[in-house]
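Everything below concerns the one structure shown next.
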Amino acid sequence: GLELSHCVGANSLGPAGPWRSGGPCKMKRVRTVFKPEQLERLEQEFLKQQYMVGTERVDLAATLHLTETQVKVWFQNRRIKWRKQSMEQKAAKPSQFGTIQPATADSTDVGDHEEDTVDVEL
């Protein structure tokens, strides 16, 4: 399950989401804080492959003492960051030569891979 913090108060602002209870005491999901060693290993794995699925994800989660969901979401968020950096680099190159070229849509095509817009933590 999700880790939940203590009651944040009945007057809490913001829409109810899947991480909040419907009662007067609203529970908020706690943001995962990764240890430096975990982040280093996750980054190493990301350099090898941008998509971690199946038993590889289960094994990595167990090795790092994380849940499979935490590893999945970390990879989703890391791919988003990687794409954003790639787009910024592409945009910066034409500006060095004084020309601006429109970005192509094919760089964001993920094909048959899992959806990247679910449960994103920033």
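The values are calculated or read from the model by the stated rules, or taken from the named source; none is laboratory data. Just so it is clear, the structure is predicted and the values come from calculations on it, not from any experiment. Note: accessible area is taken over every heavy atom of the protein model, side chains too, but ligands, DNA and RNA are not part of it. Shrake-Rupley method; radii C 1.70, N 1.55, O 1.52, S 1.80 Å.
Sorted from largest to smallest, which semi-axis lengths in Å does the alpha carbon gyration tensor of the range 36-87 give for its equivalent ellipsoid, taking the root of 5 times each eigenvalue?
Values: eigenvalues 70, 25, 18 Å².
One finds semi-axes of 19, 11, 9 Å for the range 36-87.
Roll a 1.4 Å probe over the protein chains and send me the accessible area per residue for the range 36-87 in Å². Kindly include the intermediate steps, with their values, before the conclusion.
Values: 3060 Å² over 52 residues.
About 59 Å² of surface per residue is accessible.
Can you list the HN-Hα couplings for the range 65-74, worked out from phi with the Karplus curve (6.51, -1.76, 1.60; θ = phi - 60°), rounded to whole Hz and with x for Gly and Pro?
Taking θ as phi minus 60°, the curve returns 6, 10, 7, 4, 5, 4, 5, 4, 5, 4 Hz for the range 65-74.
Note down the accessible area of Val53, probe 1.4 Å, to the nearest 10 Å².
Val53 exposes around 80 Å² with every protein chain in place.
Order the following by accessible area, largest value first: Leu60, Leu39. Probe radius 1.4 Å; ligands, DNA and RNA are ignored.
Values: Leu60 5, Leu39 70 Å².
Largest accessible area first, the residues go Leu39, Leu60.
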